[in-house]
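Beneath this line is the structure, given in structure tokens, with notes to follow.
The values are calculated or read from the model by the stated rules, or taken from the named source; none is laboratory data. Just so we're clear, the structure is a prediction, and the values are computed from it rather than from any experiment. No Cβ is skipped: glycine too gets one built from the backbone with ideal geometry, and neighbour counts run over all protein chains shown. The accessibility values were calculated without ligands, DNA or RNA, using every heavy atom of the protein model including side chains. Shrake-Rupley method; radii C 1.70, N 1.55, O 1.52, S 1.80 Å.
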Amino acid sequence: MEGLLSFFLMIVAVSASGALAPGPLLFATMNISLRAGKYAGFLAALGHMAFELPLVILIGLGMWSFIADSTVRLTISAVGGAALIIFGLIQARSSIKVIRSGGDSIDEGSSEKLTIGGRGFSAAFLIGFLFTALNPYFLVWWFTAGLILISEAIRLGALAGILLMFAFHIWIDYAWLGAAGYVTAIGARFLKPRQISILSLILALTIIVLGAMFIRSAALGLL
């Protein structure tokens, strides 16, 4: 029991270094929560898990050597950065349109119109999946700090150990993204449509900056 507790505490400590760091997924989750409602963060975490779990299993099975190749990582940084910039530009354009119109194109209470079903589910889930898959720093984390967790998990119990490790890890993502989405959506209730669009624009610009940083990192790696 003490060994299992130590394993759990180690995973929480290491996982916090990646899960709690502000990044594209956090800002995108906050952005979609302005319109998809207070549960969007949990749905984004579900999409995040849909990509992360297979990746962790593949790393445990020995696929990490291919993905850890420097050329592959540079390609991921460039493609991921470009995708983030495109997404940010689309969101920024939409937000600017609403700001210029004075907020008339968004009805009051729009943050509650997209709920768990329909477009709200699809948008939040895809945000979680895509912003995980397109984030090169996410991959770098699993091939550095996260690799320690995987190796310890394999030592503990092969595939069963990996699944146990992942269960100890993933709840942090649900708690973090869920709380961020919930607080953002609740706060949006007290804002006017134009103010919501301004906040959305700020988040979109943040995503664009992060995307540019990824591309810059890839460019420097080619020099």
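Points to keep in mind about this one:
Yes or no, residue by residue, for (1) loosely packed, with under 15 Cβ neighbours inside 10 Å; (2) part of a helix (DSSP H, G or I); (3) of a type in the set (V, I, T); (4) modelled with pLDDT under 75:
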| site | (1), (2), (3), (4) |
| --- | --- |
| L9 | yes, yes, no, no |
| V14 | no, yes, yes, no |
| G41 | no, yes, no, no |
| L55 | no, yes, no, no |
| G80 | no, yes, no, yes |
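- Output for the range 168-198, where each listed residue is open to solvent by 60 Å² or more (accessible area, probe 1.4 Å) and assigned to a helix (DSSP H, G or I): W171, W176, Y182, V183, R194, Q195, I198
- Among the residues of the range 57-78, the one identified as buried (at least 18 other Cβ atoms within 10 Å of the Cβ), at pLDDT 80 or above and not small (G, A, S) is I59.
- Breaking point among (1) crowded, with 18+ Cβ neighbours inside 10 Å; (2) at pLDDT 75 or above, for L89: (1)
- Checked against (1) under 23 Å from R93 (Cα atoms); (2) in contact with a helix residue (DSSP H, G or I) (Cβ under 7 Å, 6 or more places away or on another chain); (3) surrounded by fewer than 14 Cβ atoms within 10 Å (Cβ to Cβ), I148 meets all criteria but (1).
- Within this structure, L163 fails the test of being in contact with a helix residue (DSSP H, G or I) (Cβ under 6 Å, 6 or more places away or on another chain) and at pLDDT 80 or above.
- Condition check for L139: at pLDDT below 85, of a type outside the set (S, T, Y), part of a helix (DSSP H, G or I) and open to solvent by less than 40 Å² (accessible area, probe 1.4 Å): yes
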